[in-house]
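I have placed the structure first, in the form of structure tokens, so that the comments after it can refer back to it.
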């Protein structure tokens, strides 16, 4: 496994939420997602993977650069939840209640640790033409009073 490049924790400015694009209800584990990413990108992509039961698995430390938002990984924490598509591989918000709670907790923790951090979905980055994370992050942040 390649060790991801160093990222200065003092310069963390973004947190990007992703989905794994795995079918709703399929119990894919964080280790499997990291294995897929290592095969595709030569490294683990995300700092956390949130499994169906809400378990947040730390896959990179905050000082390691991920491979989750092409050209915008430096200073950017990546969090991925398992799911994000229906049985026919169409984008769908498949987050379980436990995943929603864990995502909210992680966002709160990162906002405390890195004041001013910008939270967005993968699809909200300029030039990204995909549905990931299959829900509107800004609207969700408002609904859980994290905006």
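Beyond 29 Å, what percent of the Cα pairs of the chain remain?
7
List the pair-distance distribution P(r) of the stretch 1-87, using every Cα-Cα distance, as the percent of pairs falling in each 5 Å bin from 0 up to the bin containing the longest distance, rounded to whole percents.
All Cα pairs considered, the percentages come to 3, 17, 26, 25, 17, 9, 3, 1, 0.
For the stretch 50-97, what is the convex hull (Cα atoms) projected area averaged across all directions, in square nanometres?
Seen from a random direction, the Cα hull of the stretch 50-97 projects 4.2 nm² on average.
Have a look at the DSSP beta bridges in the stretch 1-95 and tell me what percent are antiparallel, nearest 5.
Roughly 30 percent of the beta bridges in the stretch 1-95 run antiparallel, per DSSP.
Relative contact order of the chain, please, whole-number percent, based on alpha carbon pairs below 8 angstrom and at least 6 residues apart.
It comes to 29 percent, rounded to a whole number.
What FRET efficiency comes out for the pair residue 97/residue 61, r = Cβ-Cβ distance, R0 = 30 Å, nearest 0.05?
0.60
Going by how many other beta carbons lie within 10 Å of each one, how would you line up 86, 53, fewest first?
53, 86
For the stretch 12-65 and the stretch 91-118, what is the separation of their Cα centres, given in Å?
14
Here, each number is a calculation from the coordinates, and none is a lab measurement. All of these numbers come straight from a predicted model, not from anything done at the bench. Cβ: placed from backbone, ideal geometry, glycine included. Neighbour counts: every protein chain shown.
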